[in-house]
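The structure under discussion appears below in the form of structure tokens.
Every number here is computed from the coordinates shown, using simple stated rules; none is lab data. For clarity, every value in this text was computed on a predicted model and none was experimentally measured. Counting neighbours? That spans all protein chains shown, and the Cβs are built from the backbone with ideal geometry, glycine included.
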Amino acid sequence: MRFTSFAIISSSLAVLVAAGPIVEKRASFSLQNGKDAQKLNAKFSSLSASSSCQSGEVACIKGAFAQCVNNQFVTTPCSGGLTCVALPLVNSPGTSITCDTEQDAADRIARTGASGGLRGRDLESRASFTLQNGRDAQALNRKFQSLNANSACQEGENACVNGGFAQCVAGKFVAVPCNTGLTCFALPLVLSPGTSLVCDTQADAQARIAATGAGGIFGRDEPELEARAAKAPAACKAKKREDFTERSEDAPLVRRIAQTDLGAVAQSWQDLCLKSGGDLQTGDPCVQLAGINGINALLANADPCAQQDNADAMIKFAKSKGIKNKQALIDNAIKYAKHPRNALNINGVVPSTPFCQRAPKNAELKGVVRAQLNGVDPGLFGAPNIAIFPFGQAGSCPFGKTPNTSTCTCK
Ligand SMILES: *[C@@H]1O[C@H](CO)[C@@H](O)[C@H](O)[C@H]1NC(C)=O
């Protein structure tokens, strides 16, 4: 038995050894050789037979091998199917100029780890609009993250909505899902200024935007953007939960946390209101305070105090003339004031919703705190209309409480 398992181990070792040579070990100079070869090939593409040169210099001119004699290039064509290229040396630092197929030359350069093909795509060889195209694509991708099927739009406008390709028809986005494994992204055009919306893999989209020099799909790995981004205190990061979204392109993005029970929350107060015996005519209070203002105050864009103000208005109604179920209305208003608000993904973060920073009008609401949804970032606060700020600033604790950033708690 023992012997058998030993035999199995040694045969799997043999497999590993056989797989070894596939990973080529690169010398310390390999990448530099590759980049140097790319630079030469880029330079050669601008040479002609009348270019000035130094005697003894070798180059490639329009695919032919060229040597400088008496300050003039003398060219020798490569034989059939081959073209003159600069290649990285393999065993020592440097490059060589030789006749090769374009494919083999590109492979040899790629094997050094230098990306961008035969001539590379270093900054100098990028078009003047390339970087801007990348940044424009990033800005669009950031904007698209905040859109949903109910977002307002302009007739004919195109966008990516919930990962699908969407067009604005009659003021609403109509989205067509991408095929399995693909997601709608804004990508930079390559040959002219502009962007296009394409169903693509995340990896390819990332590579295309990175190739412009702009950084990641949403621009978040751009150092300056990263520096501007709010940083959560370490104590809050330690509190991170399983379902918590990181500012990372690898993590699946939580688009938004929308609650399905908002209608029921509003309905329960509205029902109590309708049978309260109070003045239901002036200002249509039951519908206004529940279904309209009540729900609006729980959406991601609401003012941080809108929910408390609405709960105050509910209690004011409960205390008004002719009300038969005052306590039930007040209890329900308190429950409403504790309800979490929707949270939206903003540039890859689902921030906690900022707290109202003034006292409620009614004593019943004193110390009553809105809950935060599971899955929001405990260290970052914000909303689509409020720039993201870290725990510790005003609004990261309920009114009357002070944030302690070393524990990420409010006291
Ligand atoms: C924050 O909490 C820690 C640990 O409880 C405590 O030692 C520290 O004094 C608190 N800081 C402030 C500013 O209250």
Point to revise | Chain lengthening between S151 and A234 when straightened (0.36 nm per residue, less Cα-Cα) | key: 26.4 nm
Point to revise | Spread of Cα-to-Cα distances over 10 Å intervals beginning at zero, given as percent, for the range 77-198 | key: 12, 27, 21, 18, 14, 7, 1
**Study point:** Dimensionless Rg/Rh of the range 294-411 - Kirkwood Rh, Rg from C-alpha atoms
**Key:** 1.01
Point to revise | √(5λ) per eigenvalue of the Cα gyration tensor, the range 130-227, largest first, Å | key: 23, 14, 13
Check your understanding: Whole-Hz Karplus ³J(HN,Hα) for the range 368-375, in order, using 6.51 cos²θ - 1.76 cosθ + 1.60 and θ = phi - 60°, x for Gly and Pro?
Key -> 7, 10, 5, 6, 9, 6, 4, x
Exercise for review: Report, in debye and to the nearest 20, how large the dipole of the range 256-410 comes out about its Cα centre when Lys and Arg carry +1 and Asp and Glu carry -1 on their Cβ.
Suggested key: 380 debye
Check your understanding: Residue by residue through the range 204-209, which ³J(HN,Hα) values in whole Hz follow from phi under the Karplus form 6.51 cos²θ - 1.76 cosθ + 1.60 (θ = phi - 60°), with glycine and proline marked x?
Key -> 5, 4, 4, 5, 5, 6
**Study point:** Fraction of the pair-distance distribution of the range 26-125 above 19 Å, Cα-Cα pairs, percent
**Key:** 41 percent
Review point. For K321, which lysines qualify as cross-link partners when the Cα separation must be under 20 Å and same-chain residues fewer than eight apart are set aside?
Key: K275, K361
Revision key, fill the gap. Once the in-chain neighbours fewer than 8 apart are removed, the lysines whose Cα is under 28 Å from K43 read K35, K62
